[in-house]
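Written out below as C-alpha coordinates is the structure these notes cover.
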Amino acid sequence: MEMRALGRTGREVSVIGLGCWQLGADWGEVSEDAAMAILDAAVDSGVTFLDTADVYGDGRSERLIGRLLAQRGPQAGLMVATKMGRRAAPHVAGAYTLDRFRVWTDRSRENLGMDTLDLVQLHCPPSEVFRQDDVYDALDTLVDEGVMKAYGVSVERVDEALTVIARPNVASVQIILNVFRRKPLEQVLPAAAEAGVGIIVRVPLASGLLTGKFDASTTFSADDHRSYNRHGEAFDVGETFAGVPYDVGVAAAAEVARYTPEGATTAQLALRWIVDQPGVTTVIPGASRPDQARANAAAADLAPLDRQTLDALERIYDERIREHVHRRW
(Lines give C-alpha, C1' and ligand atoms only; values in the text may rest on other atoms or scores of the structure.)
Protein backbone atom coordinates (compact mmCIF):
# COMPACT_ATOMS: atom_id res chain seq x y z
CA MET A 1 0.00 0.00 0.00
CA GLU A 2 1.37 3.40 -0.97
CA MET A 3 1.83 5.78 1.96
CA ARG A 4 1.58 9.57 1.84
CA ALA A 5 2.26 12.30 4.38
CA LEU A 6 -0.94 13.70 5.88
CA GLY A 7 -0.30 17.40 5.77
CA ARG A 8 0.94 19.03 8.96
CA THR A 9 0.35 15.94 11.11
CA GLY A 10 3.80 14.60 10.30
CA ARG A 11 2.26 11.12 9.90
CA GLU A 12 2.23 8.91 6.83
CA VAL A 13 -1.03 7.13 6.04
CA SER A 14 -2.26 4.67 3.46
CA VAL A 15 -3.62 6.22 0.25
CA ILE A 16 -6.73 4.09 0.73
CA GLY A 17 -8.24 4.45 4.19
CA LEU A 18 -11.52 3.29 5.64
CA GLY A 19 -14.51 5.51 6.25
CA CYS A 20 -16.31 4.18 9.32
CA TRP A 21 -19.66 5.94 9.09
CA GLN A 22 -21.24 2.67 7.94
CA LEU A 23 -20.07 0.94 11.10
CA GLY A 24 -22.08 3.37 13.20
CA ALA A 25 -25.38 4.15 11.52
CA ASP A 26 -27.26 5.54 8.51
CA TRP A 27 -26.33 2.78 6.03
CA GLY A 28 -28.61 -0.02 7.20
CA GLU A 29 -27.85 -2.57 9.90
CA VAL A 30 -24.24 -3.69 10.40
CA SER A 31 -23.74 -6.06 13.34
CA GLU A 32 -20.79 -5.65 15.71
CA ASP A 33 -19.24 -8.88 14.46
CA ALA A 34 -19.58 -7.71 10.87
CA ALA A 35 -18.12 -4.32 11.75
CA MET A 36 -15.08 -5.88 13.40
CA ALA A 37 -14.60 -8.18 10.41
CA ILE A 38 -14.64 -5.14 8.10
CA LEU A 39 -12.07 -3.34 10.24
CA ASP A 40 -9.82 -6.40 10.33
CA ALA A 41 -10.09 -6.92 6.58
CA ALA A 42 -9.15 -3.32 5.88
CA VAL A 43 -6.13 -3.33 8.21
CA ASP A 44 -4.96 -6.72 6.94
CA SER A 45 -5.10 -5.24 3.41
CA GLY A 46 -2.72 -2.42 4.29
CA VAL A 47 -5.12 0.29 5.44
CA THR A 48 -3.61 2.42 8.23
CA PHE A 49 -6.04 5.38 8.26
CA LEU A 50 -9.49 5.14 9.85
CA ASP A 51 -11.99 8.00 9.75
CA THR A 52 -14.91 8.21 12.15
CA ALA A 53 -17.00 10.75 14.11
CA ASP A 54 -18.51 11.03 17.55
CA VAL A 55 -22.03 11.00 16.11
CA TYR A 56 -21.71 7.86 13.97
CA GLY A 57 -24.10 5.61 15.84
CA ASP A 58 -23.86 7.95 18.86
CA GLY A 59 -20.28 6.78 19.44
CA ARG A 60 -20.69 3.18 18.24
CA SER A 61 -18.21 3.60 15.38
CA GLU A 62 -15.60 5.06 17.73
CA ARG A 63 -16.10 2.27 20.27
CA LEU A 64 -15.66 -0.42 17.62
CA ILE A 65 -12.44 1.21 16.45
CA GLY A 66 -11.36 1.36 20.08
CA ARG A 67 -11.76 -2.43 20.25
CA LEU A 68 -9.62 -2.79 17.15
CA LEU A 69 -6.89 -0.55 18.60
CA ALA A 70 -6.86 -2.56 21.82
CA GLN A 71 -6.53 -5.80 19.88
CA ARG A 72 -3.92 -4.63 17.39
CA GLY A 73 -1.78 -2.50 19.67
CA PRO A 74 0.45 0.45 18.74
CA GLN A 75 2.66 -1.73 16.57
CA ALA A 76 -0.10 -1.75 13.93
CA GLY A 77 0.71 1.89 13.18
CA LEU A 78 -2.93 2.90 12.79
CA MET A 79 -4.01 6.54 12.67
CA VAL A 80 -7.57 7.45 13.68
CA ALA A 81 -9.27 10.67 12.66
CA THR A 82 -12.51 11.51 14.43
CA LYS A 83 -14.82 14.52 14.20
CA MET A 84 -16.76 16.73 16.59
CA GLY A 85 -19.43 19.39 16.47
CA ARG A 86 -22.53 17.57 15.30
CA ARG A 87 -23.52 16.71 18.85
CA ALA A 88 -24.48 20.35 19.31
CA ALA A 89 -28.23 20.89 19.47
CA PRO A 90 -28.95 23.25 17.89
CA HIS A 91 -26.03 22.96 15.49
CA VAL A 92 -25.05 26.64 15.38
CA ALA A 93 -21.78 28.57 15.25
CA GLY A 94 -22.06 29.57 18.90
CA ALA A 95 -21.74 25.93 19.98
CA TYR A 96 -18.10 25.75 18.86
CA THR A 97 -16.46 26.72 22.15
CA LEU A 98 -13.52 25.43 24.17
CA ASP A 99 -15.81 24.07 26.88
CA ARG A 100 -17.86 22.12 24.33
CA PHE A 101 -14.68 20.89 22.64
CA ARG A 102 -13.47 19.52 25.97
CA VAL A 103 -16.70 17.58 26.53
CA TRP A 104 -16.76 16.17 23.02
CA THR A 105 -13.09 15.20 22.87
CA ASP A 106 -13.20 13.61 26.33
CA ARG A 107 -16.04 11.41 25.12
CA SER A 108 -14.14 10.44 21.97
CA ARG A 109 -11.01 9.67 23.99
CA GLU A 110 -13.04 7.33 26.17
CA ASN A 111 -14.75 5.68 23.20
CA LEU A 112 -11.47 5.12 21.37
CA GLY A 113 -9.39 4.28 24.44
CA MET A 114 -6.86 6.97 23.54
CA ASP A 115 -5.29 9.49 25.90
CA THR A 116 -4.37 11.75 22.98
CA LEU A 117 -6.46 11.77 19.79
CA ASP A 118 -4.48 11.55 16.54
CA LEU A 119 -6.60 13.99 14.53
CA VAL A 120 -9.84 15.78 15.38
CA GLN A 121 -11.85 17.41 12.61
CA LEU A 122 -14.61 19.96 12.95
CA HIS A 123 -17.59 18.16 11.46
CA CYS A 124 -18.96 20.32 8.64
CA PRO A 125 -19.79 23.26 10.93
CA PRO A 126 -21.79 26.34 9.92
CA SER A 127 -19.75 28.41 7.45
CA GLU A 128 -19.19 31.30 9.88
CA VAL A 129 -17.21 28.97 12.18
CA PHE A 130 -14.36 28.89 9.66
CA ARG A 131 -13.81 32.63 10.12
CA GLN A 132 -13.80 32.70 13.95
CA ASP A 133 -10.34 33.16 15.48
CA ASP A 134 -11.49 31.90 18.88
CA VAL A 135 -12.36 28.51 17.38
CA TYR A 136 -8.79 27.99 16.21
CA ASP A 137 -7.46 29.34 19.52
CA ALA A 138 -9.50 26.70 21.33
CA LEU A 139 -8.21 23.94 19.08
CA ASP A 140 -4.63 25.13 19.60
CA THR A 141 -5.22 25.00 23.36
CA LEU A 142 -6.28 21.36 23.17
CA VAL A 143 -3.20 20.50 21.12
CA ASP A 144 -1.00 22.26 23.69
CA GLU A 145 -2.70 20.33 26.50
CA GLY A 146 -2.16 16.97 24.79
CA VAL A 147 -5.83 16.25 24.17
CA MET A 148 -5.16 15.90 20.45
CA LYS A 149 -2.06 15.78 18.29
CA ALA A 150 -3.53 17.75 15.38
CA TYR A 151 -6.76 19.17 14.04
CA GLY A 152 -8.46 19.58 10.70
CA VAL A 153 -11.81 20.47 9.23
CA SER A 154 -14.42 18.57 7.25
CA VAL A 155 -16.15 20.89 4.79
CA GLU A 156 -19.02 20.89 2.33
CA ARG A 157 -17.93 23.65 -0.04
CA VAL A 158 -14.86 24.81 -1.91
CA ASP A 159 -14.92 28.29 -0.39
CA GLU A 160 -14.90 26.79 3.11
CA ALA A 161 -11.88 24.66 2.24
CA LEU A 162 -9.95 27.64 0.91
CA THR A 163 -10.71 29.61 4.09
CA VAL A 164 -9.35 26.93 6.43
CA ILE A 165 -6.32 26.08 4.28
CA ALA A 166 -5.10 29.62 4.95
CA ARG A 167 -5.04 28.95 8.72
CA PRO A 168 -1.49 28.14 9.89
CA ASN A 169 -2.22 25.18 12.17
CA VAL A 170 -4.90 23.35 10.21
CA ALA A 171 -3.39 19.96 9.40
CA SER A 172 -5.99 18.59 7.00
CA VAL A 173 -9.17 19.26 5.06
CA GLN A 174 -11.76 16.59 4.38
CA ILE A 175 -13.87 17.21 1.29
CA ILE A 176 -16.09 15.41 -1.20
CA LEU A 177 -14.23 14.59 -4.40
CA ASN A 178 -15.07 11.95 -6.97
CA VAL A 179 -15.70 11.39 -10.67
CA PHE A 180 -19.06 13.16 -10.16
CA ARG A 181 -17.71 16.01 -7.92
CA ARG A 182 -14.65 17.52 -9.62
CA LYS A 183 -14.74 21.15 -8.50
CA PRO A 184 -12.06 20.77 -5.76
CA LEU A 185 -9.53 20.02 -8.49
CA GLU A 186 -9.61 23.64 -9.64
CA GLN A 187 -8.45 25.49 -6.51
CA VAL A 188 -8.62 23.39 -3.34
CA LEU A 189 -6.07 20.70 -4.18
CA PRO A 190 -3.45 23.13 -5.51
CA ALA A 191 -3.91 25.45 -2.51
CA ALA A 192 -3.63 22.58 -0.04
CA ALA A 193 -0.49 21.24 -1.71
CA GLU A 194 1.14 24.66 -1.61
CA ALA A 195 0.25 25.14 2.08
CA GLY A 196 1.26 21.64 3.15
CA VAL A 197 -2.29 20.72 4.18
CA GLY A 198 -3.46 17.13 3.80
CA ILE A 199 -6.54 16.26 1.75
CA ILE A 200 -8.86 13.50 2.98
CA VAL A 201 -11.41 12.55 0.34
CA ARG A 202 -14.85 11.35 1.41
CA VAL A 203 -17.90 10.10 -0.58
CA PRO A 204 -15.49 8.72 -3.20
CA LEU A 205 -18.05 6.37 -4.74
CA ALA A 206 -20.97 8.84 -4.61
CA SER A 207 -22.75 6.70 -1.99
CA GLY A 208 -22.31 3.61 -4.17
CA LEU A 209 -23.40 5.09 -7.51
CA LEU A 210 -19.86 4.73 -8.83
CA THR A 211 -19.84 1.00 -8.20
CA GLY A 212 -22.00 0.79 -11.33
CA LYS A 213 -24.25 -1.72 -9.56
CA PHE A 214 -27.36 0.43 -9.04
CA ASP A 215 -30.28 0.84 -11.40
CA ALA A 216 -33.70 2.47 -11.36
CA SER A 217 -35.16 -0.43 -9.35
CA THR A 218 -32.53 -0.47 -6.58
CA THR A 219 -34.01 0.18 -3.14
CA PHE A 220 -32.46 1.02 0.22
CA SER A 221 -33.68 0.36 3.76
CA ALA A 222 -35.57 3.03 5.65
CA ASP A 223 -32.61 3.63 8.01
CA ASP A 224 -30.23 4.22 5.07
CA HIS A 225 -29.55 7.88 4.24
CA ARG A 226 -29.84 6.96 0.56
CA SER A 227 -33.56 6.61 1.30
CA TYR A 228 -34.22 9.45 3.72
CA ASN A 229 -31.77 12.19 2.64
CA ARG A 230 -32.12 12.27 -1.15
CA HIS A 231 -33.29 15.86 -0.99
CA GLY A 232 -31.29 16.99 2.05
CA GLU A 233 -33.99 16.24 4.60
CA ALA A 234 -31.53 15.31 7.38
CA PHE A 235 -28.18 16.89 6.36
CA ASP A 236 -26.46 18.36 3.33
CA VAL A 237 -27.75 16.61 0.22
CA GLY A 238 -24.23 16.52 -1.17
CA GLU A 239 -23.44 13.70 1.27
CA THR A 240 -25.99 11.46 -0.47
CA PHE A 241 -25.11 10.36 -4.01
CA ALA A 242 -22.72 13.36 -4.00
CA GLY A 243 -25.75 15.57 -4.62
CA VAL A 244 -26.42 14.05 -8.04
CA PRO A 245 -30.09 13.24 -8.81
CA TYR A 246 -30.38 9.46 -8.55
CA ASP A 247 -31.61 8.76 -12.07
CA VAL A 248 -28.94 11.03 -13.57
CA GLY A 249 -26.25 9.32 -11.49
CA VAL A 250 -27.33 5.81 -12.45
CA ALA A 251 -27.16 6.62 -16.17
CA ALA A 252 -23.79 8.38 -15.84
CA ALA A 253 -22.34 5.55 -13.74
CA ALA A 254 -23.30 3.03 -16.42
CA GLU A 255 -21.23 5.04 -18.88
CA VAL A 256 -18.32 5.29 -16.43
CA ALA A 257 -18.39 1.50 -16.07
CA ARG A 258 -17.48 1.07 -19.74
CA TYR A 259 -13.99 2.36 -18.96
CA THR A 260 -13.26 -0.09 -16.15
CA PRO A 261 -9.82 -1.68 -16.69
CA GLU A 262 -9.70 -5.40 -17.30
CA GLY A 263 -9.51 -7.31 -14.04
CA ALA A 264 -10.75 -4.35 -11.98
CA THR A 265 -14.13 -3.16 -10.74
CA THR A 266 -15.83 0.14 -11.48
CA ALA A 267 -15.44 1.08 -7.81
CA GLN A 268 -11.70 0.49 -8.07
CA LEU A 269 -11.59 2.66 -11.20
CA ALA A 270 -13.33 5.46 -9.29
CA LEU A 271 -10.96 5.14 -6.33
CA ARG A 272 -7.88 5.05 -8.56
CA TRP A 273 -9.06 8.25 -10.25
CA ILE A 274 -9.00 9.97 -6.86
CA VAL A 275 -5.61 8.56 -5.86
CA ASP A 276 -4.20 9.89 -9.14
CA GLN A 277 -5.20 13.50 -8.41
CA PRO A 278 -2.21 15.65 -7.32
CA GLY A 279 -2.69 16.90 -3.76
CA VAL A 280 -4.82 14.01 -2.51
CA THR A 281 -3.43 12.32 0.61
CA THR A 282 -5.94 9.56 1.30
CA VAL A 283 -9.42 8.48 0.24
CA ILE A 284 -11.85 6.91 2.71
CA PRO A 285 -14.42 4.61 1.10
CA GLY A 286 -16.76 2.81 3.44
CA ALA A 287 -17.54 -0.89 3.38
CA SER A 288 -20.49 -2.99 4.48
CA ARG A 289 -18.69 -6.33 4.06
CA PRO A 290 -15.08 -7.51 4.52
CA ASP A 291 -14.71 -8.31 0.82
CA GLN A 292 -15.61 -4.71 -0.03
CA ALA A 293 -12.89 -3.43 2.31
CA ARG A 294 -10.35 -5.71 0.67
CA ALA A 295 -11.43 -4.71 -2.84
CA ASN A 296 -11.26 -1.02 -1.98
CA ALA A 297 -7.74 -1.38 -0.64
CA ALA A 298 -6.72 -3.21 -3.81
CA ALA A 299 -7.54 -0.12 -5.87
CA ALA A 300 -4.16 1.22 -4.76
CA ASP A 301 -2.54 -1.55 -6.80
CA LEU A 302 -4.10 -0.43 -10.09
CA ALA A 303 -1.89 1.38 -12.57
CA PRO A 304 -2.56 5.10 -12.93
CA LEU A 305 -5.39 5.72 -15.38
CA ASP A 306 -4.43 6.47 -18.98
CA ARG A 307 -5.17 9.71 -20.79
CA GLN A 308 -8.01 8.22 -22.80
CA THR A 309 -9.83 7.12 -19.65
CA LEU A 310 -9.25 10.43 -17.88
CA ASP A 311 -10.61 12.34 -20.87
CA ALA A 312 -13.65 10.10 -21.06
CA LEU A 313 -14.48 10.57 -17.38
CA GLU A 314 -14.16 14.33 -17.74
CA ARG A 315 -16.50 14.27 -20.74
CA ILE A 316 -19.11 12.26 -18.81
CA TYR A 317 -18.96 14.83 -16.02
CA ASP A 318 -19.28 17.78 -18.38
CA GLU A 319 -22.15 16.27 -20.35
CA ARG A 320 -24.19 14.60 -17.60
CA ILE A 321 -23.24 15.85 -14.13
CA ARG A 322 -21.75 19.35 -14.13
CA GLU A 323 -25.04 21.25 -14.34
CA HIS A 324 -26.37 19.51 -11.23
CA VAL A 325 -23.46 20.00 -8.83
CA HIS A 326 -20.64 22.26 -9.98
CA ARG A 327 -21.99 25.65 -8.92
CA ARG A 328 -23.65 24.42 -5.73
CA TRP A 329 -20.60 23.31 -3.73
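Determine the percent antiparallel among the DSSP beta bridges restricted to the chain, to the nearest 5.
15 percent
From the backbone phi of the range 309-320, what are the Karplus-calculated ³J(HN,Hα) couplings (6.51 cos²θ - 1.76 cosθ + 1.60, θ = phi - 60°) in whole Hz, Gly and Pro given as x?
Running phi through 6.51 cos²θ - 1.76 cosθ + 1.60 with θ = phi - 60° gives 5, 4, 5, 5, 5, 5, 4, 4, 4, 4, 7, 10 Hz.
Before I look further, what does the range 7-138 give for accessible area per residue, probe 1.4 Å, in whole square angstrom?
Value for the range 7-138: 38 Å² per residue.
What net charge do the residues around residue 10 carry, taking every other residue with its C-beta under 13 Å from that of residue 10, with Lys and Arg at +1 and Asp and Glu at -1?
So the surrounding residues net to +2.
With +1 on the Cβ of every Lys and Arg and -1 on the Cβ of every Asp and Glu, and nothing else charged, how large is the dipole of the chain about its Cα centre, in debye rounded to the nearest 20?
220 debye
With N set to the number of residues, divide the alpha-carbon radius of gyration of the range 229-274 by 2.2 N^0.38 Å and report two decimals.
1.36
Taking square-rooted eigenvalues a ≥ b ≥ c of the alpha carbon gyration tensor, is the range 179-271 rounded, prolate or oblate, where a/c under 1.5 means rounded and, failing that, a/b exceeding b/c means prolate?
Here the range 179-271 falls in the oblate category.
Please report the spacing between the Cα centers of the range 105-176 and the range 287-306 in Å, no decimals.
Centre-to-centre (Cα) distance: 28 Å.
Multiplying the sequence separation of residue 103 and residue 315 by 0.36 nm and subtracting their Cα-Cα distance, what value in nm do you get?
The residue 103-residue 315 span can extend by a further 71.6 nm.
Say we join alpha carbon atoms closer than 10 Å with springs in a Gaussian network model of the chain; which of 145, 62, 110 then has the biggest fluctuation?
145
Report the Cα centroid-to-centroid distance between the range 7-46 and the range 214-229 in angstrom, as an integer.
Centre-to-centre (Cα) distance: 22 Å.
Once fully extended, how much extra length lies between residue 115 and residue 231, figured as 0.36 nm per residue of separation less the alpha-carbon to alpha-carbon distance?
Going from the current span to full extension adds 37.8 nm.
Counting only protein heavy atoms and using a 1.4 Å probe, what share of the accessible area of the range 21-163 belongs to carbon plus sulfur, as a whole percent?
Answer for the range 21-163 is 46 percent, counting heavy atoms of protein chains only.
Compute the relative contact order of the range 216-269 as a whole-number percentage, counting only Cα pairs closer than 8 Å that sit 6 or more residues apart in sequence.
For the range 216-269, the relative contact order is 19 percent.
Mind giving me the nanometre distance, one decimal, between the label points for residue 75 and residue 301, set 7 Å out from Cα along Cα→Cβ?
2.5 nm
Which of the listed residues, 303, 75, 184, is farthest toward the dipole's positive end in the chain, when Lys, Arg count +1 and Asp, Glu count -1 at the beta-carbon?
Of the candidates, 303 comes out farthest on the positive side.
Normalised by the number of residues in the chain, what is the relative contact order in percent for Cα pairs under 8 Å and 6+ residues apart?
The value is 23 percent.
With each run of n ≥ 4 DSSP H residues scored as -39500 (n - 2.57), what mean residue ellipticity at 222 nm is computed for the chain after dividing by its residue count and rounding to the nearest 500 deg cm²/dmol?
Calculated from helices alone, the mean residue ellipticity at 222 nm is -10500 deg cm²/dmol.
Express as a percent, rounded to the nearest 5, the fraction of DSSP beta bridges in the range 94-183 (both residues included) that run antiparallel.
Counting only bridges with both partners in the range 94-183, antiparallel ones make up about 10 percent.
Report, in debye and to the nearest 20, how large the dipole of the range 125-183 comes out about its Cα centre when Lys and Arg carry +1 and Asp and Glu carry -1 on their Cβ.
Dipole about the Cα centre, nearest 20: 560 debye.
Please tell me the relative contact order of the range 146-234 in percent, rounded to the nearest whole number, where contacts are Cα pairs under 8 Å and at least six residues apart.
Computed over the range 146-234, the figure is 23 percent.
From the mean inverse distance of alpha carbon pairs (Kirkwood) and the Cα radius of gyration, derive Rg over Rh for the range 99-147.
0.97
Using all C-alpha to C-alpha distances in the range 228-329, build P(r) with 10 Å bins and read off the rounded percent in each one.
13, 40, 40, 7
In nm, to one decimal, how far is the residue 133 label point from the residue 5 one, both placed 7 Å along Cα→Cβ?
3.0 nm
The values are calculated or read from the model by the stated rules, or taken from the named source; none is laboratory data. This is a predicted model, so every value here is computed, not measured. Note that each Cβ is placed from the backbone with ideal geometry, even for glycine, and that neighbours are counted across all protein chains shown. Note: areas computed on protein heavy atoms with side chains; ligands, DNA, RNA excluded. Shrake-Rupley method; radii C 1.70, N 1.55, O 1.52, S 1.80 Å.
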